[in-house]
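The values are calculated or read from the model by the stated rules, or taken from the named source; none is laboratory data. None of these values were measured; they are calculated from a predicted model. Cβ sites come from the backbone with ideal geometry, for glycine too, and all protein chains shown count toward neighbours. Heads up: the accessible areas ignore ligands, DNA and RNA and are worked out on the full protein's heavy atoms, side chains in. Shrake-Rupley method; radii C 1.70, N 1.55, O 1.52, S 1.80 Å.
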Amino acid sequence: MNKLIILSMAILLASCGKETTTETAVVQSEIKLTAEQKKNAGIEFGNLEEKSMAESVFCTGLVDVPPISMASVSMPIAGYIKSTMEVLPGKQVSKGQVLATITSMEFIQMQQEYLQAQSQMSLLTNERSRQQVLQQEEVGSKKKFQQAEAELGNLQAVSRALAMKLEILGCNMKSLAEGNMSATLSLKSPIDGFIQDQSLAIGKYITPTDVLVKVVGVAHKHVELKVFERDLAKLKIGQTIHFEGDGNKSQGKVFLVGQQVDMETRLTPIHGHFSIEADEKKFTVGQFINASIQVGEQKILSIPQAGLARVGKGGYIYVEKADGSMAQIPVEVRSADMEWVGIRPTKEMPAGKVVIRGASALEAIFAKD
């Protein structure tokens, strides 16, 4: 019997322990503070005010560069990589800098055909002149003159086409005209920038479709932001953008507003130029940024900066009700300056005194509880 009683007591105590644990796990939405706690937290009370503030649209995005500042480097002829330079990702390169050398049998063949065409052209030019003289003296055939002229024209077209192809490949045409052929080609960077990626290896066979090196330029950086559909009507070209990333801050102007909403994300791209060109060096291409776009001024319900506990993109304000309990109210941040923050409560506010100083200390107390 005694064992049965002890077992029953143990079960009862265990269940009580579980209830206690469950109750303490409930998140507190209201707390009561003593006068001493309020003093230590530096809490002051006041009221929300309507202030004329610059309304802002908050968004995120990336630092990017236009297509003119990005290059995919290929070789427009098949061949083998003979040698490479130090082209590790992140390495700075200059326009015209050699990244690798390529050896190509096709390149050698094209040079040979060009030189042969030049030799034959000299012969056909003389033949056409001879037939022209014979025709003028009514000794030669008109048909032979026309045939010589047609053959010369065809050869000139072949020669010009070969010359254009060789120039695209970077062949030194002046040296080639002197009979100096080359077996190698140089793969060069078309822009100033940094190596983003590379696919080079000595002895590798390449084709014209292979992207061998990707270079990202450092000029003309801009910010590419993503704005929700509901804010799209507020945006106009020329509006000021404030943005920051990794501790660096700058500002710019909206220069392009997307005209189509993504069907899945309901977001629209917005592009902005840096207002201060020197600030571009502080930011890296692909870097994540937080931004706010000033879309005009209007009367906004506002609270002093010290009255808002910022959490993420929004935060909390606090109201002391008539019974002395402190209620935590989540809000959306709509605008901000050095002293005030424009807010929109996301749940109904109870009647009472609003905390205008000491909100961060209260947020810490609520988080602890």
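Top to bottom by accessible area (1.4 Å), largest first, where do Y80, Y318 land? Each step should come with its number before you reach the end.
On the way: Y80 115, Y318 0 Å².
Highest to lowest solvent-accessible surface, that is Y80, Y318.
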Protein accessible area in the chain, 1.4 Å probe - carbon and sulfur %: 53
Probe 1.4 Å - accessible area at F288, Å² to nearest ten: 120
23 Å tail of the calculated P(r), the range 148-232, as % of Cα pairs: 56
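Determine the alpha carbon to alpha carbon distance for each of K32/K321; K95/K214; K249/K347; K51/K353 and list only those over 21 Å.
Working: K32/K321 10 Å; K95/K214 13 Å; K249/K347 32 Å; K51/K353 19 Å.
Checking Cα-Cα distances, K249/K347 exceed 21 Å.
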Principal-axis tilt of helix 2-24 within the chain, Cα atoms, nearest 10 degrees: 60
Nearest-ten-degree value, helix 359-368 long axis tilted from longest Cα axis of the chain: 80
Using alpha-carbon coordinates, inclination of helix 142-168 to the longest axis of the chain, degrees: 30
Magnitude of the charge dipole, the range 199-324, Cβ model with Lys/Arg +1 and Asp/Glu -1, debye to 20: 100
Solvent-accessible heavy-atom area per residue, rounded to whole Å², over the chain at 1.4 Å: 60
Long-range amide H partners of Q239 with built H, under 5 Å: V254
In the range 329-365, GluC sites (Glu not before Pro) in a DSSP loop with at most 16 other beta-carbon atoms within 10 Å: E339, E348
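What is the sum of charges, Lys and Arg at +1 and Asp and Glu at -1, for the other residues whose Cβ falls under 15 Å from the Cβ of F283? Don't skip to the answer; put the middle values down first.
Numbers: positive: K221, K249, K281, K282; negative: D64, E224, E244, D246, E277, D279, E280.
It works out to a net charge of -3.
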Spherically averaged projected area of the chain from its Cα convex hull (nm²): 38.1
F45 long-range amide H proximity, modeled H, under 5 Å: I356
